[in-house]
Amino acid sequence: MMAIDPMQTKIIPVSLQKPDMDIINQAAQLIQSGQLVAFPTETVYGLGADAFNAGAVQTIFSVKQRPSSDPLIVHIQNIRELTSVAINIPDSALELADQYWPGPLTLILEKHPDIPLSVTAGGQTIAVRLPAHPIARLLIQQSCCPIAAPSANRFSRPSPTLAQHVFDDLDARISMIIDGGATDIGLESTVLDLTQSPPCILRPGGIILEDLKSSIPDVHMSTRYLDAQNSTHRSPGQLFKHYAPKARLLLFSGDHTDKILTAMEEQIHHLLKNNKTVGVMVTDENAAFFQNKGGTIMKLGSINDLGTVAKKLFACMRTLDSQSMNYILMKMPPEIGLGWALKDRLIRAAYEIINV
């Protein structure tokens, strides 16, 4: 097996079609020994530790510089394992698990006493999901424990959708990065609180509101964001400042696309006049408008394919950061389907929201 130098994090490629079990087993041994391993899921890359090991869990917070008030998601390998991390599991949880697991849905349930309070930010509820990614599933299986794993990045930075993003943020801070290629969804899971009545979406994500309404007609979405000092978080991804690039993200909102594009053009002109570098993240339909306007254009995909937009969002932010942009401009996405999750991430990543 390959030895790990604790002062240099290794990126180790693993094939999705034929995973190298020697590498998976080595990563599992690191998890079992209390170390941290970054691994791909279908949403974003996760930073994993044994969910029952309080010391290892605490290391996640230290490495990420994450507030202790921000709980972690626990990842399990099958529905049967749910009883090892949660208690008083309602029938609705099992019905949703049967419908959406494995997949990007996280359920908030009552915490099992064996789960350390550091996982749940001191609370009595736990966030849990069963990931669909084959490498994530194998790692949990071979580790013989549920894995607590937030996104594998420095706290408040854009979430990692490539192994290189993890390396850029956490090199020399963790033992191993399993490189399974680009993540499929590119946004974190939907978090659904089943300890409330009616159930509440605390974070929109890969399972869209419209689909959940077909299963839970009275489900509603929370639009409340919390500050880092609040000690009552029930879910990760509720802090107001999150997902932010190094550049200042200016988010343009309004009812008229033409007016928004004109306002963005005027802002580009103003910033360039003041010797600022500017990136523009746009859908394919609006890309031509910004040609020859002086900004660096990053195309996200069609407005009719929000799945592609979601997959590219964080990666485009990181690319523009790597090009030392001072500002990034983007139009607010529509409030439909994955647009809710995109809007959620962008609002919290924004330096300023400009209403046109």
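Here segment 70-101 is the region considered, the condition is being free of Cβ contacts under 8 Å to residues at least 40 places away in the same chain and not polar (S, T, N, Q), and the residue that is farthest from Pro199 (Cα to Cα) is Arg80. Scanning segment 76-96 for residues that are small (Gly, Ala, Ser) and under 25 Å from Ser118 (Cβ atoms) yields Ser84, Ala86, Ala93. Can you confirm whether Ser92 is touching a helix residue (DSSP H, G or I) at 6+ places or on another chain (Cβ under 7 Å), surrounded by fewer than 16 Cβ atoms within 10 Å (Cβ to Cβ), among the small types (Gly, Ala, Ser) and in the same structural domain as Ala149 (by TED's automatic domain parsing)? Criteria not met by Ser92.
Residue count for segment 142-174 satisfying the condition of being out of contact with any strand residue (DSSP E or B) (no Cβ under 6 Å at 6 or more places or on another chain) and assigned to a helix (DSSP H, G or I): 7. Annotation note: Cβ proximity below 7 Å between a residue of segment 37-49 that is modelled with pLDDT of 95 or more and a residue that is assigned to a loop (DSSP other than H, G, I, E, B) and of a type in the set (Asp, Glu) (sequence gap 6+ or interchain) occurs for Glu42/Asp184; Thr43/Glu188; Val44/Glu188. The set of residues in segment 327-345 that are surrounded by fewer than 22 Cβ atoms within 10 Å (Cβ to Cβ) and either outside the structural domain of Val282 (by TED's automatic domain parsing) or out of contact with any helix residue (DSSP H, G or I) (no Cβ under 7 Å at 6 or more places or on another chain) (or both) comprises Pro334, Ile336, Lys343. Checked against the criterion of being closer than 20 Å to Gly206 by Cα and charged (D, E, K, R), segment 128-143 contains one or more residues that satisfy it. Each residue in segment 104-138 was checked for being closer than 17 Å to Glu81 by Cα, surrounded by fewer than 20 Cβ atoms within 10 Å (Cβ to Cβ) and aliphatic (A, V, I, L, M), and 1 of them qualify. If we keep just the residues of segment 307-356 that are in a loop (DSSP other than H, G, I, E, B) and among the small types (Gly, Ala, Ser), which is farthest from the chain's Cα centre (by Cα)? Result: Ser324.
The values are calculated or read from the model by the stated rules, or taken from the named source; none is laboratory data. What you see is a predicted model; the values in this text were computed from it and never measured. Note that we place each Cβ from the backbone using ideal geometry, even for glycine, and neighbour counts take in every protein chain shown.
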